[in-house]
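What follows is a short report on a single structure.
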Amino acid sequence: MSMFEWSKNNRACTTTWSTLFVLDQNKSTFDKSATKKMSELLFWAQSASSDARSIQAKGIAIEIDNIFTLVRGATYEKDKTKEMAIDSIAAILIVESKTIKDLAEENDKNYLFWQEVR
């Protein structure tokens, strides 16, 4: 079991939550978002096939990466690249049972968020 905690004091959590909110994928409050499944995000319901969902997930992953790095001041962890980060986000987005907390935990492994100490 993961030791990752969903917390307003964790930038990976707040930045993941606010980014999904801005992208109109999740409209739940921060406190209610941790356990929200990928299948509950807006893009999931609109996708008819797993192929279409994978393509859409990749597009959303690119948007998330752009917001993190271009708007929110995140940089990549020293052993990560843009492509690795995008691929790992997309890989979470296509798993129906994964949660927003799972996505935030993955993002924490890939990004050094604004004012976060390495």
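What follows draws every value from the coordinates through simple rules; no lab data is involved. As the structure is a prediction and not an experimental result, all values here were calculated from the model. Cβ: placed from backbone, ideal geometry, glycine included. Neighbour counts: every protein chain shown.
This ranking places Met38, Met3, Met84 by how few other beta-carbon atoms lie within 10 Å of each, fewest first, which gives Met3, Met84, Met38.
Taken about its Cα centre, the range 16-118 carries a charge dipole of about 140 debye when Lys and Arg each add +1 at the Cβ and Asp and Glu each add -1 at the Cβ. Across the cross-link table entries Lys27/Lys78; Lys32/Lys80; Lys78/Lys101, which are compared at the Cα atoms, the separations over 28 Å belong to Lys27/Lys78; Lys32/Lys80. Remark on Ala74: its backbone amide H falls under 5 Å from those of Thr69, Trp114, a criterion applied only to residues 5 or more positions apart or on other chains, H modelled at 1.01 Å from N. Build a GNM of the chain with springs between Cα atoms under 10 Å apart, and of Asp87, Asp65, Asp31 the one that fluctuates most is Asp31. Viscosity 0.692 mPa s, temperature 37 °C: Stokes-Einstein D of the chain from its Kirkwood Cα radius, in µm² per second? In µm²/s, the coefficient rounds to 233. Just checking the listed ones, Ser18, Ser88, Ser50: in the Gaussian network model of the chain with Cα springs under 10 Å, the one fluctuating most is Ser50.
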